[in-house]
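Below: the structure, in structure tokens.
Every read-out reported here was derived from the displayed coordinates using simple, explicitly stated rules and does not represent laboratory data. Remember, it's a predicted structure, so these values are computed and weren't measured experimentally. Positions of Cβ are backbone-derived with ideal geometry, glycine not excepted, and every protein chain shown enters the neighbour counts.
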Amino acid sequence: MGLFKKKKKDLEPQYYTSATNIRTYNYNVYYMRPLEKILYFLLAFAVGAAVGYLFYGGIGKDEYGDPTKLTWILNIVISSIAGIIAGVMFLPMRTEQIINKKRNELKYQFRELLDALSTSLGSGKNVMDSFKAAYDDLCIIYSEDSSIINELKVILDGMANNIDIEKSLTDFALRSGIEDIESFANVFETCYRKGGNIKDVIKNTQQIINEKMEVEMEIQTIVTSSLNEQNIMTVLPIVLIAIIKMMSPDFSNNFATGAGIISTTIAVISFVVAHYVGKAILEIKI
């Protein structure tokens, strides 16, 4: 029987250990702590259960429109199912949001690192001293526990222990999952060992990243209004149903009929599909 068992895929660790035994962060994954996962699940469950009750509450009433025992049971069951579905769907979405947020923060911090390196190299310092100076400069801008400060600590510690700086940069690039950092690490490794002009490499990389970020900000500005409209269109049906049920209880009884349940289900599926399609369209990567 063991021959037919599928081998469980090993998950990437959240932290690696550097060559100098410093714990380094893996930006490609994020694993929520148990308490964090429970809180996010409960938040999504509450929202999902409320929406489920709003759309499907009141099913199973008698011919006089009074709730029966079946109505109470269905209210609990449907709300619970909707809450569980919302919780299960929200956790990976929230995980992806956290990963993207950390990467975006690191990308902006890396741009500041290139600015500091370019300034130090321009003043005549060598590569080693430029990284040390960049660390001192960035400590003024960022807190001690910020991502770029932690990464510079790893790089500087590696330099102090005779570990090639390009190896530390390559390790940083792979853990970051950011294309710009990976490209910089590859070019730096080639130029540094073959006597290339590191000053020009860092300056050109800095210019390219700045231009890309400017384009990203322009695109984000253009897309923001569309994102706001999408969010409004997602919430609007829920608000409308809530208004109808509060202001016109007699009319809202139609939602509990067979035709009403089918129509509501089709509408909910349509809104969910439209939300994900809109999200995919507005998610622009450069």
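Per residue, the average separation of C-alpha pairs within less than 8 Å and at least 6 apart gives the chain a relative contact order of 18 percent.
The stretch between Asp200 and Asp66, if pulled fully straight at 0.36 nm per residue, gains 40.4 nm over its current Cα-Cα span.
Distance from the alpha carbon centroid of region 126-188 to that of region 27-69 works out to 45 angstrom. Listed options for mean projected area of the Cα convex hull in nm² are (i) 25.0; (ii) 23.0; (iii) 16.7. The value calculated from this structure is the one marked (ii). Which pairs in the list Lys102/Lys199; Lys102/Lys125; Lys167/Lys194; Lys69/Lys245; Lys212/Lys279 are over 25 Å apart, alpha-carbon to alpha-carbon? Beyond 25 Å: Lys102/Lys199; Lys102/Lys125.
Within the chain, which whole H helices from DSSP have a Cα span along their axis of at least 30 Å and a mean Kyte-Doolittle hydropathy of -0.5 or more, if any? Qualifying helices, which must be both long enough and hydrophobic enough, are 34-56, 69-122, 198-247, 258-282. A Förster distance of 51 Å, applied to the separation of the beta-carbon atoms of Met213 and Val77, puts the FRET efficiency at 0.55. At q = 0.12, 0.18, 0.27 Å⁻¹, what is the base-10 log of I(q)/I(0) for region 227-279 according to the Debye formula with one equal point scatterer per Cα and no solvent? Please give it to two decimals. Debye output, listed in q order: -0.32, -0.66, -1.04. Residues Thr224, Thr119, ranked from the fewest to the most other C-beta atoms within 10 Å, line up as Thr224, Thr119.
Amide H contacts of Thr24 (H built 1.01 Å from N, in plane; Pro and chain starts excluded): Tyr16, Thr17, Ser18 sit under 5 Å, all sequence-distant by 5 or more or on other chains.
A Förster radius of 25 Å combined with the Cβ-Cβ distance from Asn104 to Asn228 puts the calculated FRET efficiency at roughly 0.80.
Computed extension length for Ile266-Met246: 5.0 nm, one decimal, from 0.36 nm per residue of separation with the Cα-Cα distance subtracted. Could you compute how fast region 1-140 diffuses translationally, taking Rh as the Kirkwood radius over C-alpha pairs and applying Stokes-Einstein at 10 °C with viscosity 1.306 mPa s? Give it in µm² per second. In µm²/s, the coefficient rounds to 78. Gyration tensor analysis over the Cα atoms of region 164-247 returns equivalent ellipsoid semi-axes of 48, 16, 5 Å (largest first, whole Å).
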